[in-house]
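Remarks on the structure that follows.
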Amino acid sequence: MTKYIFVTGGVLSSLGKGITAASVGTLLKHAGKNVGMLKIDPYINVDPGTMSPLEHGEVFVTKDGAETDLDIGNYERFLDQSFLKTSNFTTGQVYSSVIERERAGGYLGQTIQVVPHIVGEIVNRIKEAGKDHDILLVELGGTVGDIEGLPFMEAIRQMKHDDEVSGTFFIHVTLIPYIKAAGELKSKPTQHSVQELRRIGITPQMIIARSENALPKTFKKKLAMSCDVSSESVVEALDAATIYDVPMSFLRQNILKPIAQKLDLGEIEPDMQEWDTLVKKIVQPKGRVVIGFVGKYLALKESYKSLTEALIHAGAHLDSRVEICWVDAEEVEERGAQALLSDCDGILVAGGFGSRGVEGKIQAIEYARVNKVPYLGICLGMQLTLVEYARNVLGLKDANSIEFDENTPDPMVYLIDNFLDQSGGMQLRTHQSPMGGTLRLGEYPCDTKEGSILREAYKGEKTIFERHRHRYEANPAYRQQLEDAGMIVTGESNGLIETVEIQGHPWFLGVQFHPEFTSRLQTPNPSIVAFVNASLNAE
Ligand code: GLN
């Protein structure tokens, strides 16, 4: 039977609940436990796939093709394991399934209500995610006191008494503000949010206190007393030099002791040696490399979360600090690539949707190609390498992706109207297809070409597996023409063009997949490591 650790948030959002949950999970995993992770989002969208990255940050894609909250990415990066669809659900999903069941006659004769039906569905989904794990960590999105969070609070409260649950532990993450004028740390907001939790019937057993200043012993005692937990169950979370130091900081405070006691886990001693070495390389690396990151969602860097983390992982393994030089694609259009990219050791064009900034990205690609600067293009950043090559090398002046010009005479990137989806079924895609959940999503195999940069990056692997999130595909009608002119297809997936390289360029790789989704601190993504390495060694 599974044990459950629930992580709630108090006072305000953005306290790093996801990192907290991932850090506790990491410690338990390194102590030999089989740990599952679940993020619950109280919004009504079925998934974040249709939200703007500027609104919600990155949409993370799981191996089995779910578009999920970016915290699932944190879980994978920390725990070094893949989580599936079941690791994230939203209010929208809960209501959809209850309503669908009601329409199908699943509740004949009954009045469907929040309690017990919605709450029951939530409990079932949590248990489903917990199946086959020793411990499931459940992170509840939002803040205690939010109206939309109530059914979830009720569900986790009820689980304390569930016969199929072998133990529960409640962690509350809060903020301890420091009032400069008074020179004091304040515990009142935390007390209030704990009171709010208690009113719902949940007594937290641990307080994780986010604070800019260290908490003096006396303050910790006072906080413990007023929140009704033991002193050792008050854990401070100061701003860390890197998020990957958070598990180490928790470990130094003996965080597992009260958890193990309450959940009857026995003696647990996580082995964090390898992890600690990597953290040290992030904080104090030997080398340094500057990557020009060309994108358009720069107002919210969380939009590129997995990619910026993947660069950190690569840096840790190459013992180098990867400095990101943020380049706004629209600014490239105004000022030119040379002005913005000449100081960069490598150039990265990230994925994206919609036409804003596309011409600037094409200029950045041309700059990298002509000046032989190491280049990695991801998804849209790969599709546009074809457009750039067609326009500037093949002389097809109006070449484009049909995403940006439906009537282009040379659609280098097009919409295939049917393809085999992950389960081998035929999926039909047209311009009229609904927007939600109709992208090519999740993990697909890619066969690598002998002698390619790609094959070398993946240490000679003939078939690699990477994740996707896109609607359009490279058009094979132009393959021969491109290859004759030096742009070679080096990766293929069931007949689809997955990667391209340029003959005679020291390191140029466009990948249709998103390598950043499989990068973890302990096992960084091979193509990203190879790119950073090429940039490090570039003249
Ligand atoms: N907009 C492009 C497509 O849908 C690329 C998507 C991406 O970069 N993730 O195919």
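The values are calculated or read from the model by the stated rules, or taken from the named source; none is laboratory data. Here the structure is a predicted model, which is why all the values come from computation and not from measurement. All Cβ positions, glycine included, derive from the backbone under ideal geometry; neighbour counts span all protein chains shown.
A quick yes/no check of all residues on (1) closer than 20 Å to ALA155 by Cα; (2) out of contact with any helix residue (DSSP H, G or I) (no Cβ under 8 Å at 6 or more places or on another chain); (3) modelled with pLDDT under 95; (4) assigned to a helix (DSSP H, G or I):
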residue: GLY73; (1), (2), (3), (4): no, no, no, yes
residue: SER96; (1), (2), (3), (4): yes, yes, no, yes
residue: LEU108; (1), (2), (3), (4): no, yes, yes, no
residue: HIS133; (1), (2), (3), (4): yes, yes, no, no
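Of all residues in segment 24-50, those being at negative phi, out of contact with any Gly (no Cβ under 9 Å at 6 or more places or on another chain) and not charged (D, E, K, R) number 7.
Could you go through segment 53-73 and let me know if any residue there is closer than 23 Å to LYS262 by Cα, among the hydroxyl-bearing types (Ser, Thr, Tyr), in contact with a strand residue (DSSP E or B) (Cβ under 7 Å, 6 or more places away or on another chain) and touching a residue at least 40 places away in the same chain (Cβ under 8 Å). No: segment 53-73 contains no residue that is closer than 23 Å to LYS262 by Cα, among the hydroxyl-bearing types (Ser, Thr, Tyr), in contact with a strand residue (DSSP E or B) (Cβ under 7 Å, 6 or more places away or on another chain) and touching a residue at least 40 places away in the same chain (Cβ under 8 Å). The requirement of being part of a loop (DSSP other than H, G, I, E, B), crowded, with 18+ Cβ neighbours inside 10 Å and within 14 Å of the ligand (Cβ to nearest atom) is fulfilled somewhere in segment 372-389, by at least one residue. Those helices (runs of 4 or more DSSP H) of segment 281-371 in which at least 2 residues are in contact (Cβ under 8 Å) with a residue 60 or more places away in the chain and more than 16 Å from the ligand (Cβ to nearest atom), considering only elements entirely within it, cover 305-317, 358-370. Just one residue in the set PRO247, PRO258 is in a helix (DSSP H, G or I) and over 30 Å from HIS56 (Cα atoms); that residue is PRO258. Only one of these conditions is not met by ARG440: (1) out of contact with any helix residue (DSSP H, G or I) (no Cβ under 9 Å at 6 or more places or on another chain); (2) in contact (Cβ under 8 Å) with a residue 60 or more places away in the chain; (3) within 16 Å of the ligand (Cβ to nearest atom). Which number is it? So ARG440 meets the others, but not (2). Checking every residue in segment 15-24 against the condition of being buried (at least 24 other Cβ atoms within 10 Å of the Cβ), basic (Lys, Arg) and in contact (Cβ under 8 Å) with a residue 40 or more places away in the chain gives at least one match. Exactly one condition in (1) at pLDDT 95 or above; (2) part of a loop (DSSP other than H, G, I, E, B) is false for THR438; which is it? Only one criterion is unmet by THR438, namely (1).
The number of residues in segment 400-412 being more than 16 Å from the ligand (Cβ to nearest atom) and either on the phi > 0 side of the Ramachandran plot or free of Cβ contacts under 8 Å to residues at least 60 places away in the same chain (or both) comes to 2. So MET225 passes all but one of these: (1) touching a strand residue (DSSP E or B) at 6+ places or on another chain (Cβ under 6 Å); (2) in a helix (DSSP H, G or I); (3) more than 23 Å from ASP134 (Cα to Cα). Which condition number does it fail? Every condition holds for MET225 apart from (1).
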